[in-house]
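Structure record follows, encoded as structure tokens.
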Amino acid sequence: MTAASATPGLIRRRVGRLRTGALGGWLNIVALAVLTVFVLAAVFADVVSPVGPNDVSLSDTLAPISGEHLLGADQSGRDTLSRLIYGARGSLLGPLAVVAGSTLLGTAFGVWAAWRGGVVDWLISRSTEVVFAFPGLLLAILAVAMIGPGLTAPVVAMVIAYTPYIARLSRSAALQEAAKPYIAAYRVQGFSSLTIVARHLVPNIVPLLLAQSTLNFGYALLDLAALSYLGFGVQPPTPDWGTMIRENQQAVLEGVWQPSLVPGVCIVLVVVAFTTLGEAIADRVARRDVP
Amino acid sequence: MSLQVAGLSKRYGPLLAVDDVTFTVEDGGALGLVGESGSGKTTTARIIAGLERADAGTVMVDGADRAGPARGRGQRLNRARQIQMVFQDPYLSLDPRLTTTEALGEIVALHEPGSRHSRRHRVAELLDQVGLGQREAAALPRQLSGGQRQRVAIARTLAARPRLLILDEAVAALDVSIQAQILNLLIDLRRQTGIGYLFVSHDLAVVRYVTEQVAVMHSGRIVEQGATHEVLARPQHAYTRLLLASVPRRGWDPAAVSRARRDLHDTTSDKETV
Amino acid sequence: MTALAINNLTVELPAVARRPLVADVTLQVGAGEVVGLVGESGSGKSVTARAALGLFPPSAQVTGSVRVAGTEVVGLTGQALRRLRAEQVAMVFQDPRASINPLRRVGDFLTEALRANRGWSKAKALTRAVELLTEVGIAQPGVAVRKYPHQFSGGMLQRVMIASALAVEPVLLLADEPTTALDVTTQAEILATLLSAQAERAMAMLFVTHDLELAATICDRIAVMYAGRIVEEQPAQRLFDAPQHPYTRGLLTATPKLPAGGDAASSDVAPLVPVAGRPLSLAENPAGCAFAPRCPIVVDDCAAATPVTRVRDGASVACHRADELIGRDA
Amino acid sequence: MGAAASIPRFVAGRVGGLLLTVGVTSFLIFSATHLAPGRPEEFLLRGRPVSPEALAAVRAQYHLDDPLLVQYWRWITGVFTGDFGRSLQFRQDVGGLLASRLPTTLLLVGYASLMIVLVGLLLGVVAALRPGKLDRSIMLISTVAAATPGFVAVIPLSAVFAVGLGWFPVFGNGEGLLDRLWHLTLPAVAVAVSVVGLLARVTRSAMLAELSREHVEVARSRGLPFGSVVRRHALRNSLGPITTLSGLIVAGLFVATFVIEVAFGLSGLGSLLVTAVQAKDFPVVQAITMIGVLAFVVTNLLVDLLYPLIDPRVSLRAGVAR
């Protein structure tokens, strides 16, 4: 009510946030570096790749790591590093499409539901619940069953599966933001709803959505890789990390693990990097809210 | 411009938050709306500002009812120039991304679109009116102290040149030494511009410095209204007397006050039961 | 015996604040005495009060001494610290809603300390809890112990909090803004409850508040804090009649007051005199007196050195110009 | 509020919501597979040229000429009596197929859930209570674990424990419960790895959030033993978010195990689904998708029903009011 003693509370909040980020700041730099390397490799695959992704040399079947094959060769004698570099394209573009689509749709629905309330809110919330009932991977498999394998069906299905998460997040964030008096002040000032939402409300929830979308990138990558692994995603001979694991799994039983492990490690690295960055952003968002 | 509120009611589920509230604020006058949390004072203020819709009643300004939703941009801006509102929490009432100058410039551009030069001039004038300097003009809300933020919030309302300002617990979140600065600023502003105030507060002592008229609310109803000094000196309603007696001062006896409170609650509705 | 003796306490938190949260604070609370600790946000009053519980912010650097009934609290850990909290000191916090676990019954909150710290049986602890609830004025205490916190109003919950503090039978009761989060008319009841329990047990009480008028009505003695330091300490009545530090004077002239009996009917209101400027943030640590930038009687010396606390006639003031001020008022 | 009177209403409300969701999702699943390009009878006939009469006979046998809604109604009423139609691929009842495959999947889900909850909770709680090196190590491990999908975990697991050390078999379901568990250990670990990481992280942050609450500070200020503060306040109060997440996890496991079944060549629902999708064996796809959705919805319902026990503030009538 009146001027409260804020000191202990304030200190608790500030000390609290020092403790939440358990893995120091240097990790964020490493994560950014890892992502930069992968993105550059994907973009300039034609330049940096030692050989073509589908250049077969049967004498090199399951070749170990050597000067000629820096990461060895696969079951068909194709250079693992080259396939990895070309495979980064599909493996990164797919999640990018999923995240872009679901973030745009989810934010639009979520903010719309929060701002309008009433029937709009009810309809959007109920539809969200229905989509929630489908685990993302299952929806994607269903889409493949309908449309057939490839990148399109899984990506479309995953956009649909991820949108409700963003919608729910942006709805509650927008509700919270809309309850703040600065939004009320803009209404009293005579601004139109559209102006308030577009110029003030949405920009203020963007950092939060950015954090979630960054995390989602990692999850989408995992889901899409799983689909490729099942043979539903990117189709051979186009290289893809999930497909590479599937193709070379048999070799593990013969004691040759690097052709399947290497793409697996790439998946883990990229996902860890996105998780780290997503949480760093979320941390900053939490910090911003302490006056 | 006078504000006439008549028969205002608002229900939330089973709770009658505002119950047949009627009062008038004369042109350039200052009315204190006093009550505890849950008395309905803030809901009343928000209805008048157009942030909530009343179930019944009218909010008349210059003979026109503004209780319904605004139709079109013209009416929206017109209403904005009638009544503005300052909120309790000076941090949450500012967009965290905008500097003081940006926040003010935006409102000036809406209400007085003109050359960039004239807008800048108007922003400088507003800053000057509330006693903010160059540093504060360029600062983001989180870089300002509570008192400075509240000055920005006040300047922002003045940008629309309203005839009436609703102040909803506008000094309650501030420390005493800063509270007095803001109260004096409000008194000076009114003297200079002739603006009217609807001053919503739980604090009778504060209301005394800013208003000539006062209305005391309890459980959604106005239980007493009149000239501020009269009501403070000779409170008629038992609740007003309790409210006055609850303010600590020399020779104050909390035990006696709490006995009085229990008596009042025995006679009226008992909302504080476990 | 002195219930609480704080000597030259300094609490620093380098990761968060550039200036000490509490700087060189010395304060005593005698048995049966009610001492008010008054200051605005960030003045260090809550940190000081919590020191008596050995409750310091994590990673704080603490120097000086805090003794409760003779026991040194600074540096106390483990079993000894628990015993201090279980037997000597109890605290009533500002926001009862946040202070009581919302997922556990009120009876559970009241009995858990008795059972854990004294090894009482559940039945015995519950009987005591019901007695205490009766004492703090909760109707139907037998029903109340089975309810959850969200089923109580803020005022009622604060009574529960007081009951739990009394259960300790403490030598020293700390009250940190116990009425600030409550409604005005509830305030009197909580204070009446607190004061009657204090008087009955002859407990020492340290009452932390931002409200000087409130402190003056219920405390025997008042210490005023500004930016982590005690700037003035006097018996309550004299502090009111003859404030000596310019900050205390500023607080008194800046506080809105209700009319006293005589001028009640007059519509003229003497204007408030605010304290200029703004409080020192935790990120600022200027040399000299922290109040100098806001002080109406500042001189060059003020920015040069931190004023030493001078004691005269039971009043202590930390101001370079204290002698002149006291001389003028005398 | 009469708690006794409102509990059935609360349950009824939740179950009603569930039925609505199941109704809508089942219709979506059914119509989706029917809108798919490519006709089922083409698969049935394996591209052989047949007379129009034979084609009509096949279409009639599989009720392919009925309107979509009629087909849906026949299917959904069948589902509730255990009749999922006939598999186009195996030419036998889908119900029987599922019955032979379901035990493996269920066992795998149960086995993995147990590991996840035990290890995930333990790691999360320890990390929250031991700031510093231990916390950082656990966080690093669980961040990496959370990013390691089952089909990646399979590689080092089988390279080390199956091929290298020879402790566990790589393929097959096994006979009898013990043998089955032995066969399912590596798959269960593979399923659990990423989810353990996720649960550990969520448990840690829920615990840290609770530990920084004022009421925990108050509890400590009352001289309560730290262990009791942790148990009775921090851990107790983090149960809400942890239970919610655990529910989502267990529900989602159904699908996660599908991938692992393929990796380890286990004959569960997952491997069945994959072959069914490839063969456009729609009755099987529909049935397994429906089971996946049901598993998800029912688990979440159970968590919802559990919630009022965890948090007394959750009004039984209003649902989770947060």
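The values are calculated or read from the model by the stated rules, or taken from the named source; none is laboratory data. Since the model is a prediction, treat every value here as computed from it, not as a measurement. Don't worry about glycine lacking a Cβ; one is built from the backbone with ideal geometry, like all the others, and counts go over all protein chains shown. Each accessible area value is taken on the protein alone, full model and side chains, heavy atoms only, with ligands, DNA and RNA left out. Shrake-Rupley method; radii C 1.70, N 1.55, O 1.52, S 1.80 Å.
A few points about this structure:
- The lone criterion from (1) open to solvent by 60 Å² or more (accessible area, probe 1.4 Å); (2) touching a His at 6+ places or on another chain (Cβ under 8 Å) left unmet by B:Q75 is number (2).
- Criterion: among the small types (G, A, S) and at pLDDT 80 or above - qualifying residue of A:A31, A:A63: A:A31
- Here B:G32 clears all of (1) touching a Phe, Trp or Tyr at 6+ places or on another chain (Cβ under 6 Å); (2) assigned to a helix (DSSP H, G or I) except the condition numbered (2).
- Complete set of residues in the range A:189-207 that are within 21 Å of B:I47 (Cα to Cα) and open to solvent by less than 10 Å² (accessible area, probe 1.4 Å): A:Q189, A:G190, A:I196
- When the criteria are applied in full, B:L204 meets the requirement of being closer than 26 Å to C:G277 by Cα, in contact (Cβ under 8 Å) with a residue 12 or more places away in the chain and among the aliphatic types (A, V, I, L, M).
- Scanning the range D:119-145 for residues that are more than 7 Å from every other protein chain (Cβ to nearest Cβ) and either hydrophobic (A, V, I, L, M, F, W, C) or open to solvent by less than 50 Å² (accessible area, probe 1.4 Å) (or both) yields a total of 17.
- Qualifying position, being of a type in the set (K, R) and surrounded by fewer than 24 Cβ atoms within 10 Å (Cβ to Cβ), among D:R232, D:R204: D:R232
- Residues of the range D:52-74 that turn out to be outside any loop (DSSP other than H, G, I, E, B) and closer than 14 Å to D:L88 by Cβ, as a count: 3
- Among the numbered conditions (1) away from chain D (no Cβ under 13 Å); (2) touching a helix residue (DSSP H, G or I) at 6+ places or on another chain (Cβ under 7 Å); (3) surrounded by fewer than 24 Cβ atoms within 10 Å (Cβ to Cβ); (4) at pLDDT 90 or above, the only one that A:Y162 does not meet is (3).
- Exactly one residue among C:A216, C:A199, C:A204, C:A254 is within 11 Å of chain B (Cβ to nearest Cβ), of a type in the set (G, A, S) and under 14 Å from the mean Cα position of the chain (by Cα), and that residue is C:A216.
Here is a yes/no grid of residues against (1) open to solvent by 10 Å² or more (accessible area, probe 1.4 Å); (2) aliphatic (A, V, I, L, M); (3) under 25 Å from B:I47 (Cβ atoms):
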{"site": "B:R191", "(1), (2), (3)": "yes, no, no"}
{"site": "B:S201", "(1), (2), (3)": "no, no, yes"}
{"site": "B:A205", "(1), (2), (3)": "no, yes, no"}
{"site": "B:T228", "(1), (2), (3)": "no, no, yes"}
{"site": "B:V231", "(1), (2), (3)": "no, yes, yes"}
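- If you go through the range C:272-307 and keep only what is without any contact (Cβ under 8 Å) to a residue 40 or more places away in the chain, in a loop (DSSP other than H, G, I, E, B) and surrounded by fewer than 12 Cβ atoms within 10 Å (Cβ to Cβ), you end up with C:A287, C:A305.
- D:V170 vs. criteria touching a residue at least 40 places away in the same chain (Cβ under 8 Å) and in a loop (DSSP other than H, G, I, E, B): yes
- Count of residues meeting criterion [under 27 Å from the mean Cα position of the chain (by Cα), of a type outside the set (V, I, T) and more than 7 Å from every other protein chain (Cβ to nearest Cβ)] in the range C:132-163: 11
This table checks each residue for (1) in a loop (DSSP other than H, G, I, E, B); (2) within 26 Å of C:A216 (Cα to Cα); (3) more than 14 Å from chain D (Cβ to nearest Cβ); (4) of a type in the set (A, V, I, L, M, F, W, C).
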| position | (1), (2), (3), (4) |
| --- | --- |
| C:P14 | yes, no, yes, no |
| C:Q28 | no, yes, yes, no |
| C:L76 | yes, no, no, yes |
| C:L81 | no, no, no, yes |
| C:M91 | no, yes, no, yes |
| C:A98 | no, no, no, yes |
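- Pick from the range D:235-278, criterion of a type outside the set (A, V, I, L, M, F, W, C), open to solvent by less than 10 Å² (accessible area, probe 1.4 Å) and part of a helix (DSSP H, G or I), ranking: nearest to A:S260 (Cα to Cα): D:E261
- Considering only residues in the range A:227-245 that are more than 9 Å from chain D (Cβ to nearest Cβ) and among the β-branched types (V, I, T), the one that is least open to solvent (accessible area, probe 1.4 Å) turns out to be A:T243.
- Note on the range B:165-219: residues that are among the aliphatic types (A, V, I, L, M), closer than 24 Å to B:A238 by Cβ, in contact with a Ser or Thr (Cβ under 9 Å, 6 or more places away or on another chain) and at the interface with chain C (Cβ under 10 Å from one of its Cβ atoms) amount to 3.
- Among the residues of the range D:95-118, those identified as surrounded by 20 or more Cβ atoms within 10 Å (Cβ to Cβ) and polar (S, T, N, Q) are D:T104, D:T105.
- Out of C:V66, C:V47, sole residue that is touching a residue at least 24 places away in the same chain (Cβ under 8 Å) and either part of a loop (DSSP other than H, G, I, E, B) or away from every other protein chain (no Cβ under 13 Å) (or both): C:V66
- Segments classed as helices (runs of 4 or more DSSP H), wholly inside the range B:114-211, with at least 3 members that are modelled with pLDDT under 95 and small (G, A, S): none
- Complete set of residues in the range B:99-111 that are without any contact (Cβ under 8 Å) to a residue 24 or more places away in the chain and either surrounded by fewer than 19 Cβ atoms within 10 Å (Cβ to Cβ) or farther than 20 Å from B:R151 by Cα (or both): B:E102, B:A109
- Qualifying positions in the range D:130-144 - of a type in the set (A, V, I, L, M, F, W, C) and within 16 Å of A:L27 (Cα to Cα): D:I138, D:M139, D:L140, D:I141, D:V144
- Condition check for D:L305: at pLDDT below 90, assigned to a helix (DSSP H, G or I), surrounded by fewer than 20 Cβ atoms within 10 Å (Cβ to Cβ) and not assigned by TED's automatic domain parsing to the domain that holds D:S31: yes
- Considering residues of the range A:246-267 that are farther than 16 Å from A:I85 by Cβ and of a type in the set (A, V, I, L, M) only, the residue most open to solvent (accessible area, probe 1.4 Å): A:L253
- Residues (under 25 Å from A:L32 (Cα atoms) and either β-branched (V, I, T) or facing another protein chain (nearest Cβ under 8 Å) (or both)) located in the range A:270-291: A:V270, A:V271, A:V272, A:T275, A:T276, A:I281, A:V285, A:R288
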